[in-house]
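Down below is the structure, laid out as structure tokens.
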Amino acid sequence: MHKGVTVLALVTALAGLGVKSQPMSREVDSDLFNLAHLMMAEAGYTDSKERRMTGSVLLNRVDSDKFPNTISECLYQKDPVQYSTVYDGGPFWMEPTEECWKDAEDLLTQWYETGDTDLPEDVLYQSRSKQGS
């Protein structure tokens with residue numbers, strides 16, 4: 001099962017002790033930072049559905065045994081490079097719109113709580129055009 005279930009168990013336990021959860025961090029290299037910046041770079045000015053599908057591909061990779069086990073490791077993977085926008089000085093480093101931040105936070109919350117994304121778990125790549133046979 002997805003690693004977010006462990007986070008959910010911790011949040012639930014803390015809530016039972018009267019500890020309130022904090023908003024997700026927008027700090028550099030946090031899960032939220034990485035997901036929002038990826039959504040901005042890959043689908044920033046599209047609609048919420050497309051941004052969430054873009055983010056879902058990254059989260060599906062984290063859950064797959066074909067890729068590294070964290071959002072950061074999957075996003076910054078170099079061999080082979082998975083997201084060239086991270087390395088080419090491209091739009092990954094632009095400030096995400098508030099819509100990107102919200103979509104990223106909503107998708108992460110869903111993933112942490114249920115282990116699910118908006119796409120089937122075997123969707124590990126994205127493209128606007130048909131690929132392969």
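Roughly what would the spin-label model give for Lys78 and Asp106, points 7 Å off Cα along C-beta, in nm?
Placing both labels 7 Å along Cα→Cβ, they lie 3.6 nm apart.
Which percent of the accessible heavy-atom area of segment 55-122 goes to carbon and sulfur, probe 1.4 angstrom?
Carbon and sulfur atoms account for 48 percent of the accessible area of segment 55-122.
Taking the Cα-to-Cβ direction at Ser30 and at Tyr125 and moving 7 Å from each Cα, how far apart do the two end points lie in nm?
Each label point is offset 7 Å from its Cα along the Cβ direction, giving 3.4 nm.
Could you name the aspartates and glutamates whose alpha carbon sits less than 18 Å from that of Lys66, not counting residues in the same chain fewer than 8 places away?
Lys66 reaches Asp79, Asp116, Glu121, Asp122.
Where nothing but the Cβ of Lys and Arg (+1) and of Asp and Glu (-1) is charged, how large is the charge dipole of segment 26-133 around its Cα centre, in debye to the nearest 20?
About 440 debye.
The values are calculated or read from the model by the stated rules, or taken from the named source; none is laboratory data. Keep in mind that this is a model prediction, so the values were computed, not measured. Neighbour counts run over all protein chains shown; Cβ positions are idealised from the backbone, glycine included. Surface areas here come from the heavy atoms of the whole protein model, side chains and all, with no ligands, DNA or RNA. Shrake-Rupley method; radii C 1.70, N 1.55, O 1.52, S 1.80 Å.
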